[in-house]
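Peer 1: The following block contains the structure, expressed as structure tokens.
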Amino acid sequence: MSAEQGDGTVGKALDVLDMVAAAGQPVRFSELLVTSAYPKATLYRLIQTLTHQGMLAYDADRQTYALGMRLVRLAHAAWATSSLAPLARPYLDELAAETGETIHLAQMDNGQVLYVDKRNAAKPVEMFAQAGKVGPAYCTGVGKAMLAYLTPAALERAIQRQSFHRFTEHTLDDAAKLKTELEAIRGRGHAFDREEHEPGIICCAVPILTRTGRVIGALSVTSTTTRTSLAQLEHAADRIKETAARIAAEAESWRFPEQT
């Protein structure tokens, strides 16, 4: 998202950090310039400022930029103070040991899913979701579980941020279908991923809610169609809800940012 709506220099600088992060590896100025919405001089000035402030690191030998250690320190501080991951750790360990399946812990970030922690299955399976990754909300179990319990205004804002890209033949590809699904989720208290994001990947997910009903995260048990079925995963729904409630109770004394 570009900073063209009054966020000024700070917004532009964050755009540049997003571009460097999206590259997934150290990147040259010329490569950033290709994808940047900013003029060459503006981009160069922003990169120099970010490098000077330690938010970017410059490798003079390779002439590349990467995320800086100051940003790493800030990320660790955010993880410790705004993420559910530290306090949820023992509960994830317990649920993973009981089910033998992959466990995901997620929070919402600007209408998208931020995976904040994960436990691999007894027999790990390669999949998109990894701690630190951002994924779509409309076609993942944890995403739909959180969307279903947002306030009407927050839900509308989140829906506006969905791409509705069709990843598989099972993907919900418009807002109307998603809203119908969210009503069903509220009715039963848990969500499913029916191979909507990745072929062969299924899950049962529940929201993590405060006593006042505010969404602070979501928890899922994830498996594959070759190993189990949605019906079998649903047998674990009550246990997942119990774990989510314990995490929510632990979090009551913490102050987490609103989920939007």
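Peer 1: So how many residues does region 69-118 have that are modelled with pLDDT of 90 or more and outside the structural domain of THR225 (by TED's automatic domain parsing)?
Peer 2: 0
Peer 1: Can you confirm whether region 158-170 contains a residue that is over 15 Å from ARG214 (Cβ atoms), surrounded by fewer than 20 Cβ atoms within 10 Å (Cβ to Cβ) and in contact with a Gly (Cβ under 7 Å, 6 or more places away or on another chain)?
Peer 2: Yes, region 158-170 contains at least one residue that is over 15 Å from ARG214 (Cβ atoms), surrounded by fewer than 20 Cβ atoms within 10 Å (Cβ to Cβ) and in contact with a Gly (Cβ under 7 Å, 6 or more places away or on another chain).
Peer 1: So if I check each of ALA129, ALA121, ALA145, which one is within 13 Å of the chain's Cα centre (by Cα), surrounded by 14 or more Cβ atoms within 10 Å (Cβ to Cβ), modelled with pLDDT under 95 and within 17 Å of LEU233 (Cβ to Cβ)? Please lay out each step first, then the result.
Peer 2: Numbers: ALA121 fails: within 13 Å of the chain's Cα centre (by Cα); ALA145 fails: modelled with pLDDT under 95.
Selected residue: ALA129, the only one of ALA129, ALA121, ALA145 that is within 13 Å of the chain's Cα centre (by Cα), surrounded by 14 or more Cβ atoms within 10 Å (Cβ to Cβ), modelled with pLDDT under 95 and within 17 Å of LEU233 (Cβ to Cβ).
Peer 1: So which residues in region 171-180 are of a type outside the set (Gly, Ala, Ser) and surrounded by fewer than 19 Cβ atoms within 10 Å (Cβ to Cβ)?
Peer 2: Within region 171-180, THR171, ASP173, ASP174, LYS177, LYS179, THR180 meet the criteria.
Peer 1: Which pairs turn up if I take residues in region 157-170 that are farther than 10 Å from CYS139 by Cα and look for partners that are part of a loop (DSSP other than H, G, I, E, B) with beta carbon separation below 6 Å, at least 6 apart in sequence or on another chain?
Peer 2: ALA158/GLY111; ARG161/GLY111
Peer 1: Same structure again: Restricting attention to region 186-198, and to residues there that are free of Cβ contacts under 8 Å to residues at least 60 places away in the same chain and under 19 Å from the mean Cα position of the chain (by Cα), which single residue is surrounded by the most Cβ atoms within 10 Å (Cβ to Cβ)? Walk me through how you get there before you give the answer.
Peer 2: Initially, region 186-198 is screened for residues free of Cβ contacts under 8 Å to residues at least 60 places away in the same chain, giving 186-196.
Those still in the list that are under 19 Å from the mean Cα position of the chain (by Cα) too: 190-196.
Details: HIS190: 25, ALA191: 28, PHE192: 22, ASP193: 26, ARG194: 18, GLU195: 20, GLU196: 26.
Filtering region 186-198 for residues that are free of Cβ contacts under 8 Å to residues at least 60 places away in the same chain and under 19 Å from the mean Cα position of the chain (by Cα), the one surrounded by the most Cβ atoms within 10 Å (Cβ to Cβ) comes out as ALA191.
The values are calculated or read from the model by the stated rules, or taken from the named source; none is laboratory data. This structure is a prediction, so every number in the text was calculated from the model and none was measured. Counting neighbours? That spans all protein chains shown, and the Cβs are built from the backbone with ideal geometry, glycine included.
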